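Colleague: Let me give you the structure first, and then I'll get to my questions.
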Number of protein chains: 2
Amino acid sequence: MSAFLDALHARLGDAGLLVGGDLSAYERDWRKRYPGQALAVARPASTDEVAAVLKLCHEHRVAVVPQGGNTGLVGGSTPDDSGRQLVLSLSRMKRVRAVDAANASLTAEAGCVLAEAQAAAAAAGLLFPLSLAAEGSCTLGGNLATNAGGTQVLRYGNARELCLGLEVVTASGEVWQGLSGLRKDNTGYDLRDLFIGSEGTLGVITAATMKLYPQPKDRVTALAACGSLEAAVALLGLARERAGDALTGFEVMNRASLALVARELPQLPQPLGAAAWTVLLELSDAESAEHARAVFEGLLEAAVERGSVEDAAIAQNLQQAQAFWHLREAIPLAQAQAGLNIKHDIALPVSAIPGFVAEMDAALATWLPGAEVIDFGHLGDGNLHYNVQAPPGVAPAEFLAAHEAAINERVYDAVQRRGGSISAEHGIGRLKREELARRKDTVALGLMQAIKKALDPQGLMNPGRVL
Amino acid sequence: MSAFLDALHARLGDAGLLVGGDLSAYERDWRKRYPGQALAVARPASTDEVAAVLKLCHEHRVAVVPQGGNTGLVGGSTPDDSGRQLVLSLSRMKRVRAVDAANASLTAEAGCVLAEAQAAAAAAGLLFPLSLAAEGSCTLGGNLATNAGGTQVLRYGNARELCLGLEVVTASGEVWQGLSGLRKDNTGYDLRDLFIGSEGTLGVITAATMKLYPQPKDRVTALAACGSLEAAVALLGLARERAGDALTGFEVMNRASLALVARELPQLPQPLGAAAWTVLLELSDAESAEHARAVFEGLLEAAVERGSVEDAAIAQNLQQAQAFWHLREAIPLAQAQAGLNIKHDIALPVSAIPGFVAEMDAALATWLPGAEVIDFGHLGDGNLHYNVQAPPGVAPAEFLAAHEAAINERVYDAVQRRGGSISAEHGIGRLKREELARRKDTVALGLMQAIKKALDPQGLMNPGRVL
């Protein structure tokens, strides 16, 4: 190992290699669920240096854990506790290389913080729509390695849909120059999408070209009270029909989740009365706020006539719009205040969601009376956070110890039966690796293993993640 | 071979296996550029039968050429002339399995003709936006195997962007059940996008789940005269800003291409005077034709003020709109009437297009005075058909024999220098295989070969195509 570290140091210098000292910022995730111990931390400053690092790892058979902003939720970017894995941090490669306004694209390095990419697009009068809670510290490379989702997926898609091209260093240290500003290119296999979402197990993304969009003229939000999840699904169809792609947000919150917010964060106003389901809609309008409000009025009137909506409120200004969004964003905060709970990040066909929720709610009510289902999420994407809390008066830790595994099993079984996904946007990492091995189509698993072996024959790229 | 054919016949029956007789409909492409001779034609009627065919091919080491509607342009779906390749026609697997209106998705088998998929979506009040000239005979499986483009890419993307999930039979005859109605799913490598665009060289797509969209309320088109390609690029930016995703078409035609239409098809009215570049714009509006016309008026007025547009006409009814589109669609017809010519299906970053065209036009004018550049295409996608015709009075066949190879070389060199693609939407097949081997990034080629070997170790899937 010392020959390896000497060679690394010779190539990267003091700034590029951290050995010994306090490496905890690189060795554990922010939720402290996956503490590990690194052999060292390599901090290359260029694509050539990344290539040199991977060549040395290849020669010396050292495992590599690529790391961006280290904000992941599934243990994908921290080393195990063997002290034999090298953390490869992209944090020094953070340059926005180019913004091409006429082509509506931006090229940046993997370590570029998401908010910086957004700012570079805004400076050119354009929108980079990828947006998520960790945007102040997560990085573009990590967003792509995990195919991040966020709040604008309904309209703009995941990180995958926003990417035009990649620069990647392979497991053997070769550089694939796949940066591209092209919207159309049918010249061979889609390597780009293979690396996107592979969580650092096939190679290291060092830069990417991403799509930009025109800035909408204005955004307007509304809240709607629905008597059932079926009614919310009907409202989604109507909203898509009336607003087309101006519809950039469609979030649902069940009664229990807003009641929890009222209990834990009573200072937040709740404009509508308690409904079975409350929907937050957002329009991003190419014309004006007035136009968006007129579309909302027509839409909500039609929805009330059809019986899909019982009550509604359209934000009259930016402050109200923010208050509406804040209500939605407050749910995880209220959950954190209320103590430990069981989280699920699942996706289903939109049409299957009402049946899934009815079945699970009924099963839990019978099986674990009083347990609270805090159910909210991106209905427009078919993505629910179906979370379960201990009944009032029961200690959360005890409830979890007794029931978490069994609840997961039942939730994932019901998801699988309906053709759903056990990880809609957070990925697999270490957290869901065994669940994936049990539940994924076996032919798909075989194809994945064949690809892994073909592109990383020594098994050095982020081992123990995904597969 | 006879043991193989007997086993195939035992599994597929008379309807499922054609041996001998006139197989020319399966053995040559519609342009008759790639005539071949098949060992036989298998016509399985189910996914299980496709799996059985591929298992037998795997055991007997017989090469397979998957075939959909056989409308491709690059020789990807017809056998070579060895008489040893089995054509696997998906034409009997043409069922629309399901339309899920609430999830806005459709599941159909690979042999489903594109127009039938469009009709099934329309019957549910929704839009399946993939649309191209061959839609009456091309199939969904072929569209996905070649990642087809077409006329609505600007707004809805290629076949790839429209696909949610696949059912695939692997080279060894296993079935990957990857059909999915999910908009979000981060559970492992993106196998779907690996098979899409792989032209049958990795496995056989047997069914797919595709995204549907709301039907727009109305479509309105306009023509705009621009003094330069730079002005057309500026108009594109303004149109995206003003119309957002309502902008579903942005086609350019150079002066020579409309002059050719005037010569060859003088009966077609040309509403605007001869301009350096004529742009056809289409808006698909979620509200009404009146709203679309109002957006067009504001947009074109602003463009005239900024000097991007010299003259413009907005279609006042459906008939006029069709006449505008017909003008654009008439260019390839006029070219066919005028005789042989040299075609290029290239993509560039939109920002690089004016420079490319200026350089190539000037180079050709000096090198081959009088040669006509018929230049038109999907500017919004960065996709040009940069075609070259013999000077007036020069026999097209002689011109091509003398200059085709050298013109291709110069065009592709200029494309490559600007990070462009030599095949924007038609794929590689046999036609561009050698060009790909010469021009593709060598690391990318190595990765493609490693994947091919991993998923098709015997090299039986559509050999000699792509790689």
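Colleague: Is region A:51-131 best put as rounded, prolate or oblate by its Cα gyration tensor, with a ≥ b ≥ c the root eigenvalues, rounded for a/c under 1.5, and otherwise prolate when a/b is larger than b/c, oblate when not? Present the calculation step by step, with values, prior to reporting the outcome.
Modeller: Working: a/c = 4.06, a/b = 2.09, b/c = 1.94.
The shape class here is prolate.
Colleague: Quick one: pull the percent of accessible area on region B:209-272 belonging to carbon and sulfur, 1.4 Å probe, ligands and nucleic acids left out.
Modeller: Numbers: 1090 of 2160 Å².
Carbon with sulfur: 51 percent of the solvent-accessible area.
Colleague: What Rg and what Dmax come out for region A:338-383 when only alpha-carbon atoms are used, in angstroms?
Modeller: Rg, Dmax (Cα atoms, Å): 11.6, 32.
Colleague: Any chance you could look up the accessible area of residue A:57 with a 1.4 Å probe, heavy atoms only, rounded to 10 Å²?
Modeller: It works out to around 0 Å².
Colleague: So which lysines pass the test for residue B:55, namely a Cα distance under 27 Å, with those fewer than 8 places away in the same chain ruled out?
Modeller: Answer for residue B:55, where 27 Å is the Cα cut-off: A:440, A:452, A:453, B:94, B:452, B:453, listed by chain and number.
Colleague: OK, next. Suppose you put the label 7 Å out from Cα in the Cβ direction; list, shortest first and in nm with one decimal, how far residue A:269 is from each other copy's label.
Modeller: Label-point distances to the other copies, shortest first: 5.7 nm.
Colleague: Using protein heavy atoms only (no ligands, DNA or RNA), what is the total accessible area buried between A and B, 1.4 Å probe, nearest 100 Å²? Mind showing how you got there, number by number?
Modeller: Details: alone 20120 and 20100 Å², together 33930 Å².
When A and B are taken together, about 6300 Å² of accessible area is lost.
Colleague: How far apart, in nm, are two points set 7 Å out from the Cα along the Cα-to-Cβ line at residue B:15 and at residue A:133?
Modeller: 5.5
Colleague: Just the Cα atoms of region A:1-154: what Rg and Dmax do they give in Å?
Modeller: 16.5, 50
Colleague: For region B:218-417, with only Lys/Arg (+1) and Asp/Glu (-1) charged at the beta-carbon, what is the dipole magnitude about the Cα centre, in debye rounded to 20?
Modeller: The calculation lands at about 280 debye.
Colleague: For chain B, build the charge dipole from Cβ charges (+1 Lys, Arg; -1 Asp, Glu) around the Cα centre, then report which of B:416, B:137, B:176 sits farthest towards its positive end.
Modeller: B:176
Colleague: Could you pull out every one of the lysines with an alpha carbon less than 18 Å from that of residue A:343, ignoring same-chain neighbours closer than 8 positions?
Modeller: Residue A:343 reaches A:32, A:432, B:184.
Colleague: Separate question: Give me the accessible area per residue for region B:218-417, probe 1.4 Å, as a whole number in Å².
Modeller: Working: 7660 Å² over 200 residues.
Accessible surface, normalised per residue, equals 38 Å².
Colleague: Would you kindly state the longest site-free stretch of chain A, with sites defined as trypsin sites (Lys or Arg not before Pro) in a DSSP loop (not H, G, I, E, B) surrounded by at most 12 other Cβ atoms within 10 Å?
Modeller: With trypsin sites (Lys or Arg not before Pro) excluded where exposed in loops, chain A gives A:62-305 as its longest stretch.
Colleague: Let a ≥ b ≥ c be the square roots of the eigenvalues of the Cα gyration tensor of region B:396-435; is it rounded (a/c under 1.5), or, if not, prolate (a/b larger than b/c) or oblate?
Modeller: In terms of gyration-tensor shape, oblate.
Colleague: What nm distances, shortest first, do you get from the label point of residue A:319 to those in the other copies when the point sits 7 angstrom along Cα to Cβ?
Modeller: So the distances to the same position in the other copies read 5.7 nm.
Colleague: Under the rule of -39500 (n - 2.57) per DSSP H run of 4 or more residues, summed and divided by the residues of the protein assembly as shown, what mean residue ellipticity at 222 nm is obtained, to the nearest 500 deg cm²/dmol? Don't skip to the end; give the middle numbers.
Modeller: Numbers: 32 runs with 367 residues, N = 934.
Helix contribution divided over all residues of the protein assembly as shown: -12000 deg cm²/dmol.
Colleague: Could you calculate, for region A:96-214, the ratio of the Cα radius of gyration to the Kirkwood radius, expressed as Rg to Rh?
Modeller: On the way: Rg = 13.2 Å, Rh = 14.0 Å.
Ratio of gyration radius to Kirkwood radius: 0.94.
Colleague: Let a ≥ b ≥ c be the square roots of the eigenvalues of the Cα gyration tensor of region A:352-465; is it rounded (a/c under 1.5), or, if not, prolate (a/b larger than b/c) or oblate? Please report the intermediate quantities before stating the final value.
Modeller: Numbers: a/c = 2.64, a/b = 1.87, b/c = 1.41.
Here region A:352-465 falls in the prolate category.
Colleague: Viscosity 0.890 mPa s, temperature 25 °C: what is the translational diffusion coefficient of region B:160-293 from Stokes-Einstein with a Kirkwood Rh over Cα pairs, rounded to a whole number of µm²/s?
Modeller: On the way: Rh = 18.6 Å.
Calculated translational D: 132 µm²/s.
Colleague: Using only alpha carbons, build the gyration tensor for region A:172-227 and give me the equivalent ellipsoid semi-axes, biggest first, whole Å.
Modeller: Details: eigenvalues 252, 61, 30 Å².
The answer is 35, 17, 12 Å, longest axis first.
Colleague: Measuring from centroid to centroid over Cα atoms, what is the spacing of region B:106-131 and region A:317-335 in Å?
Modeller: Here the answer is 40 Å between Cα centres.
Colleague: Let me ask you something else. With viscosity set to 1.002 mPa s and temperature to 20 °C, compute the Stokes-Einstein D of the protein assembly as shown, Rh being the Kirkwood radius across alpha carbon pairs; µm²/s, no decimals.
Modeller: On the way: Rh = 29.2 Å.
Result for D is 73 µm²/s.
Colleague: Where q = 0.06, 0.10, 0.11, 0.14 Å⁻¹, what log10 of I(q)/I(0) comes from the Debye formula for chain B, counting one point per Cα?
Modeller: Calculated log10 I(q)/I(0) at the listed q: -0.29, -0.80, -0.95, -1.38.
Colleague: If Rh is defined by the Kirkwood formula over all Cα pairs and Rg also comes from Cα, what ratio Rg/Rh do you get for region A:218-417? Can you show the working numbers first?
Modeller: Details: Rg = 17.2 Å, Rh = 17.4 Å.
Dividing the radius of gyration by the Kirkwood radius yields 0.99.
Colleague: How big is the Kirkwood radius of region B:2-89, worked out from every pair of different alpha carbons and given in Å to one decimal? Please list the in-between numbers first.
Modeller: Values: mean 1/r = 0.0776 Å⁻¹.
Here the Kirkwood hydrodynamic radius works out to 12.9 Å.
Colleague: Further question: Using alpha carbon centroids, what distance separates region A:48-87 and region B:238-285, in Å?
Modeller: Region A:48-87 and region B:238-285 have Cα centres separated by 52 Å.
Colleague: Relative to the other copies, what are the label-point distances for residue B:83, with labels 7 Å from Cα along the C-beta vector, expressed in nm at one decimal and sorted shortest first?
Modeller: Ordered by increasing distance: 7.1 nm.
Colleague: Which value, in Å² and to the nearest 10, is the accessible area of residue B:1 when all protein chains are kept and the probe is 1.4 Å?
Modeller: The accessible area of residue B:1 comes to roughly 90 Å².
Colleague: Given R₀ = 25 Å, FRET efficiency for residue B:33-residue B:435 by Cβ-Cβ distance, to 0.05? Walk me through the intermediate numbers first.
Modeller: Working: r = 16 Å, r/R0 = 0.63.
Efficiency computed from Cβ-Cβ geometry: 0.95.
Colleague: Need the C-alpha centroid separation for region A:347-426 versus region B:1-34, integer Å.
Modeller: 51
Colleague: Compute, for residue B:413, the solvent-accessible surface of its heavy atoms (probe 1.4 Å) with the complete set of protein chains present, and express it in square angstrom to the nearest 10.
Modeller: 60
The values are calculated or read from the model by the stated rules, or taken from the named source; none is laboratory data. Values in this document were obtained by computation on a predicted structure and should not be read as measured data. Cβ coordinates were reconstructed from backbone atoms using ideal geometry, including for glycine residues, and neighbour counts include every protein chain displayed. All accessible areas refer to the heavy atoms of the entire protein, side chains included, with ligands and DNA or RNA removed. Shrake-Rupley method; radii C 1.70, N 1.55, O 1.52, S 1.80 Å.
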